[in-house]
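Peer 1: Next up is a structure, given as structure tokens.
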Amino acid sequence: MKTRVFSGMQPSGNLHIGNYLGALKNWVRIQQDYECIFCIVDLHAITLHQEPAALRAKIEELAALYLAAGIDARECSIMVQSSVHAHAELAWMLTCVTPVGWLERMTQYKAKSATQESVGDGLLQYPVLMAADILLYQAGIVPVGEDQAQHLELTRDIAQRFNALYGDTFVVPGTSLPAVGARVMGLDDPTQKMSKSATGLNHAVSLLDPPDRVRKIIMRATTDSLPAVDFEAAGPGVLNLLSIYQAFAGADDDEMKRQFTGMRYGDLKKRVAEMVIAHLEPFQQRYRQITAEPGYLDGVLRDGAARVAPIANETVRLVKERMGLYT
Ligand code: ATP
Ligand code: MG
């Protein structure tokens, strides 16, 4: 039997090259080797306020982006979190075995709650729901960007605690990070990770941005006060541009040094912009084809949910039995 892989993205904001390089690209690469479930985590998106009509539209947009990136819906299950009830159900049971101190320590909770006037409980509970998503399917591997490594560590802690309290129930999952592109930084501020929810106009290149916008944002990226690329002394903005190029090009470190050492920043930015545009163009073409087919995405999502629900329901049944709940 193939090891199961689970991962997801929130249908909030516009998917950017960080989401692609950190996670989606890896999903496409490993989809033939594992039994993959790729989720649209709408219950996670509502931890911050979303306009209902916009959220509904973003769910299908995200499904189309998964497919445009090359996820094969016949091989993998693409599904929406809220369409499989077991996610929310298991999250409650796991909440009851999770110390609140574990959650208050999470970097994402601290960063996101700092932007809110009133902090919703969902923001604190977010990693427990994420643990439920993964443990529900007994996933062995979770391919994510580096920012989610801490939540994965917590998922393992929750699984181990549950297993110790109630007997072996959950597979303890491993994390899979890409070698390059695991943490793409904001182009306007390379000390912050690129995020869908960030508001800066020149913060991110979105996967559906037209070429002229991609060029504009990259040409305006924050660099440092050196005149040209020096791999030993480069600041975070320049290293970020280099790693974006490297991740898209699939170049090794030696090749990067050969190509870019001594290059002036204006030329570096042009090279990065053209590399990104060359990858986004065919992607956007596929996106337009996929979204032009009425009913197709809905079919993919319903089919995905129908395939995975029995796995999820069986885990909930087992957890209820182990905890002494009424089954
Ligand atoms: P939000 O600001 O709404 O949290 P996000 O950009 O962090 O948006 P998520 O939906 O939370 O996106 O994460 C989807 C996937 O993309 C996760 O696997 C996450 O680790 C990865 N990811 C997010 N940001 C980056 C980044 N800057 N670099 C690499 N991977 C990233
Ligand atoms: Mg995030």
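Each reported figure results from applying straightforward, stated rules to the coordinates on display, with no laboratory input. As the structure is a prediction and not an experimental result, all values here were calculated from the model. As a convention, Cβ positions derive from the backbone with ideal geometry for all residues, glycine included, and neighbour counts pool all protein chains shown.
Peer 1: List every residue whose amide H lies under 5 Å from the amide H of residue 185, counting only residues 5 or more places away in sequence or on a different chain, with H placed 1.01 Å from N in the peptide plane.
Peer 2: Here the answer is 194, since their amide H atoms fall under 5 Å of that of residue 185.
Peer 1: In what order do 27, 102 fall by count of nearby beta-carbon atoms within 10 Å, going from fewest to most?
Peer 2: The most exposed by this proxy come first: 102, 27.
Peer 1: What number results when the radius of gyration of the chain, computed over Cα atoms, is divided by 2.2 N^0.38 Å?
Peer 2: 1.03
Peer 1: Next question, about the same structure. Could you derive backbone 3J(HN,Hα) for the stretch 143-155 from the dihedral phi with the Karplus parameters 6.51, -1.76 and 1.60 (θ = phi - 60°), listing whole Hz in sequence and x where the residue is Gly or Pro?
Peer 2: x, 9, x, 4, 5, 9, 4, 5, 5, 5, 4, 5, 4
Peer 1: Another question about this same structure. In the stretch 264-327, which GluC sites (Glu not before Pro) fall in coil by DSSP and have 11 or fewer other Cβ atoms within 10 Å?
Peer 2: Details: sites: 274, 314, 321; in loops: none.
Within the stretch 264-327, no GluC sites (Glu not before Pro) qualify (loop, at most 11 other Cβ atoms within 10 Å).
Peer 1: Work out how much length residue 161 to residue 110 would gain on full extension: take 0.36 nm times their residue separation and subtract the Cα-Cα distance, in nm to one decimal.
Peer 2: Extending this stretch completely gives an extra 16.0 nm.
Peer 1: What GluC sites (Glu not before Pro) in the stretch 1-99 are in a loop by DSSP, with at most 16 other Cβ atoms within 10 Å of the Cβ?
Peer 2: Numbers: sites: 35, 60, 61, 75, 89; in loops: 75.
Those that pass, being in a loop and sparsely packed, are 75.
Peer 1: What are the residues whose amide H is under 5 Å from the amide H of residue 47, where those residues sit 5 or more places off or on another chain and H is modelled from the backbone?
Peer 2: Correct list: empty.
Peer 1: Once the dipole of the chain is set up with Lys and Arg at +1 and Asp and Glu at -1 on Cβ about the Cα centre, which of 78, 323, 126 lies farthest towards its positive end?
Peer 2: Among 78, 323, 126, the one farthest towards the positive end of the dipole of the chain is 78.
Peer 1: May I ask you to compute the full-extension gain from residue 85 to residue 320, defined as 0.36 nm times their residue separation minus their alpha-carbon distance, rounded to one decimal in nm?
Peer 2: Here the segment from residue 85 to residue 320 would lengthen by 83.1 nm.
Peer 1: Just the Cα atoms of the stretch 230-327: what Rg and Dmax do they give in Å?
Peer 2: Answer for the stretch 230-327, Rg first and Dmax second: 23.8, 68 Å.
Peer 1: If N is the number of residues in the stretch 27-100, what value comes out of its Cα radius of gyration divided by 2.2 N^0.38 Å?
Peer 2: Computed over Cα atoms of the stretch 27-100, the ratio equals 1.29.
Peer 1: Now a separate question. Could you give the length gained on full extension between residue 309 and residue 53, defined as 0.36 nm per residue of separation minus the Cα-Cα distance, in nm?
Peer 2: Contour length minus the Cα-Cα distance gives 89.6 nm.
Peer 1: Identify all lysines with a Cα-Cα distance to residue 216 below 22 Å; exclude those on the same chain that are fewer than 8 residues away in sequence.
Peer 2: Output for residue 216: 193, 196, 269, 270.
Peer 1: About the Cα centre of the stretch 2-161, how large is the charge dipole given +1 on each Lys and Arg Cβ and -1 on each Asp and Glu Cβ? Please answer in debye to the nearest 20. If you can, show how the numbers build up before the last one.
Peer 2: On the way: 12 positive and 17 negative charges, 48 e Å.
For this selection, approximately 220 debye.
Peer 1: For the chain, with only Lys/Arg (+1) and Asp/Glu (-1) charged at the beta-carbon, what is the dipole magnitude about the Cα centre, in debye rounded to 20?
Peer 2: In debye, rounded to 20, the chain gives about 180.
Peer 1: Placing +1 on the Cβ of each Lys and Arg and -1 on the Cβ of each Asp and Glu in the chain, which of 158, 67, 170 has its Cα farthest towards the positive end of the resulting dipole?
Peer 2: Of 158, 67, 170, it is 67.
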